[in-house]
Every structure is written in C-alpha cells, then in structure tokens.
1. Taking a temperature of 4 °C and a viscosity of 1.567 mPa s, what whole-number D in µm²/s does Stokes-Einstein yield for the protein assembly as shown with Rh from Kirkwood over alpha carbon pairs?
2. Report Rg/Rh for region B:224-366, rounded to two decimals, where Rg is the Cα radius of gyration and Rh the Kirkwood radius.
3. What is the sum of charges, Lys and Arg at +1 and Asp and Glu at -1, for the other residues whose Cβ falls under 11 Å from the Cβ of A:Leu91?
4. On a full-extension model of 0.36 nm per residue, what is the gain between B:Tyr91 and B:Thr351, subtracting their alpha-carbon distance, rounded to one decimal in nm?
5. Describe numerically, in nm with one decimal, the distance between label points set 7 Å from Cα along Cα→Cβ at A:Thr121 and at B:Glu139.
6. Relative contact order for region B:55-142: what percent, with Cα pairs under 8 Å and sequence separation of 6 or more?
7. Where does region B:149-276 land on Rg/Rh, using Cα atoms and the Kirkwood Rh?
8. Name the lysines eligible as straight-distance cross-link partners of B:Lys291: C-alpha to C-alpha under 17 Å, and not fewer than 8 places from it in the same chain.
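The values are calculated or read from the model by the stated rules, or taken from the named source; none is laboratory data. Note that this is a predicted model, so its numbers are computed, not measured. Here the Cβ is made from the backbone with ideal geometry for all residues, glycine too, and neighbour counts use every protein chain on show. Ligands, DNA and RNA are stripped out before the accessible areas are found, and what is left, the full protein with its side chains, is counted by its heavy atoms. Shrake-Rupley method; radii C 1.70, N 1.55, O 1.52, S 1.80 Å.
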Amino acid sequence: MSRILEGLLYSESHEWVKTDGGIATVGITDFAQKSMGNIVYVDMPEEDDEVSQDEEFGAVESVKAASDLYSPVSGVVVGRNSALDDEPGLLNSDPYANWIIKVRMTDPSETGNLMDAAAYTAFLEKQA
Amino acid sequence: METLKKTCLYDSHVALGAQMSPFGGFVMPISYTDIVREHNAVRQHCGMFDVSHMGEILVSGPDATDFVGRIFTNDVSDLQPGKILYGMMLYPEGGVVDDLLVYRMSVPDTYMLVVNAANTGKDLGWILSAAEGWDVTVEDLSESYGQIALQGPESERVAAGVFGADFSGLAFYTFTETLFDGEKVIVSRTGYTGEDGFEFYSTPEATRKIWAALLAAGVPPCGLGCRDTLRFEVGLPLYGHELGPDISPLEAGLGMFVKTQGHDFIGKAAFEALKESGPERRLVGIELADKAIPRAGYPVEADGTVIGEVTTGYNSISTGKSVCMAFVRRPYSAEGTQVGIRIRKKVFPGTVCKKRFYGKKYHITK
C-alpha cells in the first residue's frame, strides 16, 4: 500500500504539490517511487526556468527506465533540491520529505485541477 | 500476435514473486527483489538466472565439422570435444544473423549451437537453408533443454556443494557432462556477466530440480534486468543492440572471433572487404561527466551534428558512473574524443573510452 499524505494535492501523473502562499513545492508520490524502483538520477530544471501545468519539466531515472515529470502548476522555478544531485535515492527513502522543485505560481487557481488525498487514494484504487 | 512461451521454471518465478515481462518471445523474470541487489549479489557472491529461453540447435552428421565451419565465423576445425567457441553467423553481405556458442560434443561429429531466444526460429531457418547439399542433421532441441546460469565468484563452491562434484579443473569455455539426481547435465564454464560461473543444460525436469537445489543452498534468483546491467558493464554485446543484420563484427569490435586464415565461411568476402576499407563507424564506450543516463537510441553529437547512436547505457551499478556503448562515426570514435549525448532537452558532455567499464573475472586455467 502506498503512503498518501493529507494536506497535499496530487496529479494523475503522480506528483504531489504543497502550496504556501504563491509558492508550490513539488515532488513525486510514494506510489511513483515504488513503481520506479531504485532511483539513480533526477533531471531537474534550473532556477528561473518556466514550467507549465501538465508539461514535462524533468525526469526521474531508475536503473531500467526514465519517467518524465509533469508540472502540476505553471510558473517560474524558484528552487531545485540540489541534495538529489548527489543522493537521488532520497526520493525512494522518503518521497514526501524530499521535494524536487519549488515554483512561484503564475496562476494559483490551476491547483483546482488537482486531487486531494481522498481523491488520489480513489484514483490509485481505480488503477489497481 | 504470437503467444508468449513459458520456460520450465515459470511456476517458480511466479511463486518467488518475480516481476515478469516479455523477452525474446518468452515471459521472463526481470527481477525478484531489485536489480541493484541482484547485480551486487552476482558481483560479490553469486546468483542464478533462468536462461531456459536460449535456443539449442544440434548439428550432427559426417559433414558436421565442415558445415559448422561454413556458417560460423570462429574456427571449429581444431575444436576438441568438451570445448566451446564464441562466434557469429553472418549474412553474405557481412551483417550478423546471430551470435552464439558452439559446443563440440563427445559424440563424434556433433555440435550444439546455443543461440539467442528471439533468434532461434530465424537461426534454424537460416541453418536449414545453408545445410542444403551437406550430409548433416539439424535439430531444434530448445524445448528439450532447460538452462540455468550460476554466476559470481562463489559459483565454484556452490556448484560443488549442489552437485557433489569438483569443478575446479573445468576451465573457462569448456564443459563436462555429469549427472544430477540420475539425469544428464551439461556443466559449462561460461556466462554472460563477466564473472566466473557455470551454465547447466538439462531436461526441464532436471532443470527444476537443480533450480530448487540452488535455492535451497541460498543462491538468490536474479532476473534479466541485472543480467543486462552485468553483461553491459564488461562490454559484452546483446543482439538487437550491439549486433544485428546491418552490423559487421568489425564495427562491433568482435573481429577476434572471426577467423579468416584457411577458413571459408558465409560472409567472409564482405568481412575482408570491410577490413580492407576500414569501417565507417565503431562501437565505443562513452563516459558522461554527469549522472544522466544515456539510453538506447539517444543521438551522439559532435561539432553540431549527429555522429552516432547509443546502443545500451546505464548508470553503472558497479562503478556509479553513467556510461554507454554507442556506434560512433570516425574520426569521432577515437578514444579521448569529446562528444555530447542528447538526453531529453539537453546535451550532456562525454568522453569516448574503452567499452569495458568493469573488469572481467573469469576462471582461466591451463
């Protein structure tokens, strides 16, 4: 069973979002890290890069495969978690404590398209 | 669509909770726990693989030696019973039909050809058409043989315990025929991981018994996922990636397995012509500065143009470096050349190097 945290928002491509004012912190869910297996590289954008909702902003790579990351919100990257450069496996050990990017949202209303914990739980059950 | 075949160990894989996936026409275990753990087990201790999907084709008859010599790039004319050679079958145009092992059996005029699972049908057709006019019998024994690979530095000790036999005198690329629980087994000191180890060929029933005995001895089952990371690190080719119908052994760096002296074989003229002119591209290694992973099909670039393509790439589990094998056009194929690999939107800098990223540790005896 995958861990799902209350208070976060979720995308269908298994990213989580935590909003604080106009800043969205983005990571991947426990379900995502489990399906990937050992994560060996995280391809992240640079600060000041622009990201758009539902568009690719990077990738997470396991031994066997690369999985694209899709941004759950639109905006400008204001932080990248450089700890993942040296220790990408942090995403396996705790995917919710280890975020990937922080985005200054240009349209905070977009978060209305995302799922809450209950909806994401139901979404995962439907996938199974 | 062709239905996927199951090996004689399929039920065990499912019982062990393996992640199963199609490979070479079979449903095969990709991993049982995780690829990194299984990879490290083989490098540090030992692990076992179900490789029953491999094809076994028996060629026998009065013309067998001459005929195998005609279709195989390596020279079997001096091959003694109990010895094995690696080589390829070529098309007349010089591309590779398949890469394979040839076993000279103790029965006179008999050779066992071990071929890639995905190519077994194609190879059989190729061999049968080439056999016209030769006094040989060609039999596909793939269904009659199961095969287990036991690989890693502790393989000799584990095999001794399970078989109750001493294999320390069995040198790399030789084999012996023995019994396990009363059933015949070919014990071959070969493998596809760069480590010491054995491959056991036997009936499906005996294969299940050997597998169970190895499991009971504590040998971890390992999937095709780490079989690929292991073979890749030591620069061994995989048909469909580093070898194929449009690839010459010269381009793939396998010229040493093609013997042209006093040996005529299908594809020889094309091989010699290419050797004379020098191939336009070569299989090289590339080491990236970053940890991004170059994967099969990604373009290799230099001076603003595409100069090659990745065939296999990983973040090497044994070394931690992101490396790949790639076909690269000359002059960029020279060691030390700075190139770039396009990975998604970015181009990552890399350096052309030897395509062996980790040292082999075979059991060589006199």
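1. Details: Rh = 24.8 Å.
In µm²/s, the coefficient is 52.
2. Details: Rg = 15.9 Å, Rh = 15.9 Å.
Reported Rg/Rh (Cα atoms, Kirkwood Rh): 1.00.
3. Details: positive: A:Lys34; negative: A:Asp30, A:Glu61, A:Glu87, A:Asp94.
Taking every other residue near A:Leu91 into account, the sum is -3.
4. Details: separation 260, 0.36 × 260 = 93.60 nm, distance 3.31 nm.
Using 0.36 nm per residue and subtracting the Cα-Cα distance, I get 90.3 nm.
5. Here the answer is 6.2 nm between the modelled labels.
6. Working: 168 pairs, mean separation 36.8, N = 88.
Result for region B:55-142 is 42 percent.
7. Details: Rg = 18.1 Å, Rh = 17.0 Å.
On the Cα set of region B:149-276, Rg over Rh gives 1.07.
8. Hits, sequence-local ones excluded: A:Lys64, B:Lys321, B:Lys345, B:Lys346.
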